[in-house]
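For reference, the structure discussed in these notes is given below.
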Amino acid sequence: MAKVYCPYFDPEYENLSTRINPPSVSIDNTSCKECTLVKVDSMNKPGILLEVVQVLTDLDLTITKAYISSDGGWFMDVFHVTDHQGNKVTDSKTIDYIEKVLGPKSYASASQNTWPGKRVGVHSLGDHTSIEIIARDRPGLLSEVSAVLADLNFNVVAAEAWTHNRRIACVLYVNDNATSRAVDDPERLSAMEEQLNNVLRGCEQEDEKFARTSLSIGSTHVDRRLHQMFFADKDYEAVTKLDDSASLGLDPKITVDHCEEKGYSVINVSCEDRPKLMFDIVCTLTDMQYIVFHATISSSGPHASQEYFIRHKDGCTLESEGEKERVVKCLEAAIHRRVSEGWSLELCAKDRVGLLSEVTRILREHGLSVSRAGVTTVGEQAVNVFYVRDASGNPVDVKTIEALRGEIGHSMMINVKNKVPSRRWKEEGQAGTGGGWAKTSFFFGNLLEKLLP
């Protein structure tokens, strides 16, 4: 790595400067016909870009363009955003929330390290115990895990699971069925952990260290935690052609160059656009200890182009081919983890213990494998979203989907979608082509809108 100047952030000076120059945020719905402009100005600090992007994406806002500048002591960003239906952001509650979280009032809570962003979904879950699982993926694994929890009278109030390179990472939030509170009984937690590890070890053909279960009381940002779990698991080192995006020829194009004049490494990403793409990239760069000083984000039809000017937190740029290759692999993995093509099932039913176990059992009995899943609870209603493929990892035929709809449609609301990827952008470059990508929210889907006041 080539050493260059890197600004030092003194914590005491940062607190003083923030009080003297509080952050400002403005929501502009007049300058652009197609989107809302969110402008953020504040004192610079490590990780601030990820915090801002996290707030916007947790509200299911799509960032279509962004201009980032945080060189020196000041952070100035402009984001062009739309809601999940592709419209301007006009909801007063959403606008007030953005202004509150990113504006001057946010720093009172930030000083207590309680950033008011997403924990699981956007909704408060109350007391719960967090379970983190990383293991080799196989058909039916999620069904077996949820069955263990149901047998032990743990209610799953929220969960999210991703699969990538034959691995699965999952974060589940559970509470006691009788008290609806977090479980803190050591013996009960130990029994649950032992049974879950037995299920996970059944997936492994090698050393049992490849499967892990960990427990904690409290909450975390789910999407970032899943990225961290995969990164620690080194999923980026595996080479496979079984992933959705790889098998469909949708691999991102990532290059690493050097800006000699300013002393930056320049990361260029060109790939199919999708929700939360910027979050996944910025999250990975942050967790790899890189600081983004400037960035330009744009999308044209189904195509996204993102450019980042970065240095390592120690002030060094990327020089060796090994360093560059590792960054490229990590960013490719971050982009692939959230991509899921094909059929998605949105299910809504009254929450109860064993509901997740029942649904995943039915999916397994129909020969379906879950490639990605999201579970949340809104009041007394449970909203589950599953991306599914057949047991071999291939697209599911329509007859299977219709049979599944017929079996579970009488007991819960079900919405079925088939996401067809756009391939034309690879051939036509930057040109806007329309295409098959639909801007829909994954985690809650359209069903959640029917449940919220």
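May I ask you to list pairs of residues, at least six apart or on different chains, whose Cβ atoms are under 7 Å apart, with the first in region 249-272 being closer than 16 Å to residue 315 by Cα and of a type in the set (S, T, N, Q) and the second being open to solvent by less than 40 Å² (accessible area, probe 1.4 Å) and part of a loop (DSSP other than H, G, I, E, B)?
Every condition considered, the pairs that remain are 265/318.
Looking at region 263-290, which of its residues are under 20 Å from the mean Cα position of the chain (by Cα), assigned to a strand (DSSP E or B) and among the aliphatic types (A, V, I, L, M)? It would help to see each step written out before you state the result.
Here is the first cut: in region 263-290, the ones under 20 Å from the mean Cα position of the chain (by Cα) are 269-290.
Subsequent filtering for residues that are assigned to a strand (DSSP E or B) retains 269-272, 290.
Across region 263-290, the qualifying residue is only 269.
Look at residue 392 and say whether it is under 24 Å from the mean Cα position of the chain (by Cα) and not β-branched (Val, Ile, Thr). Quick ask: steps written out before the conclusion?
On the way: under 24 Å from the mean Cα position of the chain (by Cα): no; not β-branched (Val, Ile, Thr): yes.
Against the criterion (under 24 Å from the mean Cα position of the chain (by Cα) and not β-branched (Val, Ile, Thr)), residue 392 does not qualify.
For residue 252, indicate whether it is at pLDDT below 95 and out of contact with any Phe, Trp or Tyr (no Cβ under 9 Å at 6 or more places or on another chain). Working first, answer last.
On the way: at pLDDT below 95: yes; out of contact with any Phe, Trp or Tyr (no Cβ under 9 Å at 6 or more places or on another chain): yes.
Answer is yes for this residue.
Being open to solvent by less than 10 Å² (accessible area, probe 1.4 Å) and outside any strand (DSSP E or B) is the filter here, so list the residues in region 341-354 that pass it.
341, the sole residue that qualifies.
Residue 356 fails exactly one of the following numbered conditions: (1) at pLDDT below 90; (2) out of contact with any Asp or Glu (no Cβ under 6 Å at 6 or more places or on another chain); (3) more than 26 Å from residue 272 (Cα to Cα). What is the number of that condition?
That leaves (1) as the condition not met.
Among the residues of region 134-165 satisfying the criterion of being open to solvent by less than 10 Å² (accessible area, probe 1.4 Å) and touching a Cys at 6+ places or on another chain (Cβ under 6 Å), which is modelled with the lowest pLDDT?
Filtering first and then ranking leaves 135.
What's the total number of residues in region 167-219 that are under 28 Å from residue 231 (Cβ atoms), part of a strand (DSSP E or B) and either modelled with pLDDT under 70 or open to solvent by less than 30 Å² (accessible area, probe 1.4 Å) (or both)?
Residues meeting the conditions: 11.
Go through region 77-97 and report how many residues are surrounded by fewer than 21 Cβ atoms within 10 Å (Cβ to Cβ) and touching a Cys at 6+ places or on another chain (Cβ under 7 Å).
Total satisfying the criteria: 2.
Which pairs do you get when a residue that is acidic (Asp, Glu), found in region 293-311, comes within reach of a residue that is assigned to a strand (DSSP E or B) and surrounded by fewer than 21 Cβ atoms within 10 Å (Cβ to Cβ), reach meaning Cβ atoms under 6 angstrom, with the pair 6+ apart or on two chains?
Within 6 Å, the pairs are 307/268; 307/296.
Applying the selection to region 384-402, what residues are open to solvent by 50 Å² or more (accessible area, probe 1.4 Å) and over 25 Å from residue 172 (Cβ atoms)?
392, 394, 395, 397, 398, 399, 402
Starting from region 56-76, take each residue that is more than 13 Å from residue 279 (Cβ to Cβ) and open to solvent by 20 Å² or more (accessible area, probe 1.4 Å) and list its partners that are among the acidic types (Asp, Glu) and not in a strand (DSSP E or B), counting only C-beta distances under 9 angstrom and pairs at least six apart or across chains.
64/34; 64/273
Working carefully through the options 150, 159, find the one that is closer than 21 Å to residue 379 by Cα and in a helix (DSSP H, G or I). Can you show your working first?
Details: 159 fails: in a helix (DSSP H, G or I).
One residue alone meets the criteria, 150.
Filter region 300-321 down to the residues that are surrounded by fewer than 20 Cβ atoms within 10 Å (Cβ to Cβ) and among the polar types (S, T, N, Q) and list them by number.
300, 305, 320
Could you tell me which residue of region 404-441 is surrounded by the most Cβ atoms within 10 Å (Cβ to Cβ), considering only residues that are at pLDDT 50 or above, of a type in the set (A, V, I, L, M, F, W, C) and within 25 Å of residue 376 (Cα to Cα)? Spell out how you get there, then give the answer.
Keep residues of region 404-441 that are at pLDDT 50 or above, which gives 404-422.
After this cut, where a residue has to be of a type in the set (A, V, I, L, M, F, W, C) as well, the list is 404, 408, 412-414, 416, 420.
Remaining after also requiring within 25 Å of residue 376 (Cα to Cα): 404, 408, 412-414, 416.
Values: 404: 22, 408: 18, 412: 17, 413: 15, 414: 19, 416: 15.
Step by step, filter region 404-441, then rank; the result is 404.
Of the residues 359, 327, 385, which single one is among the β-branched types (Val, Ile, Thr), assigned to a strand (DSSP E or B) and closer than 27 Å to residue 235 by Cβ?
On the way: 359 fails: assigned to a strand (DSSP E or B); 327 fails: assigned to a strand (DSSP E or B).
Exactly one of 359, 327, 385 is among the β-branched types (Val, Ile, Thr), assigned to a strand (DSSP E or B) and closer than 27 Å to residue 235 by Cβ, namely 385.
Would you pick out the residues in region 357-383 that are open to solvent by less than 20 Å² (accessible area, probe 1.4 Å), in contact with a strand residue (DSSP E or B) (Cβ under 8 Å, 6 or more places away or on another chain) and of a type outside the set (Ser, Thr, Tyr)?
Matches in region 357-383: 359, 363, 368, 372, 373, 374, 375, 382, 383.
With respect to residue 101, determine if the residue is modelled with pLDDT under 95, of a type in the set (A, V, I, L, M, F, W, C) and farther than 25 Å from residue 298 by Cα. Spell out the reasoning first.
Working: modelled with pLDDT under 95: yes; of a type in the set (A, V, I, L, M, F, W, C): yes; farther than 25 Å from residue 298 by Cα: no.
Criteria not met by residue 101.
The values are calculated or read from the model by the stated rules, or taken from the named source; none is laboratory data. Everything quoted here is computed from the prediction, not taken from an experiment. No Cβ is skipped: glycine too gets one built from the backbone with ideal geometry, and neighbour counts run over all protein chains shown. In case anyone asks, the SASA skips ligands and DNA or RNA and just uses the protein heavy atoms, side chains included. Shrake-Rupley method; radii C 1.70, N 1.55, O 1.52, S 1.80 Å.
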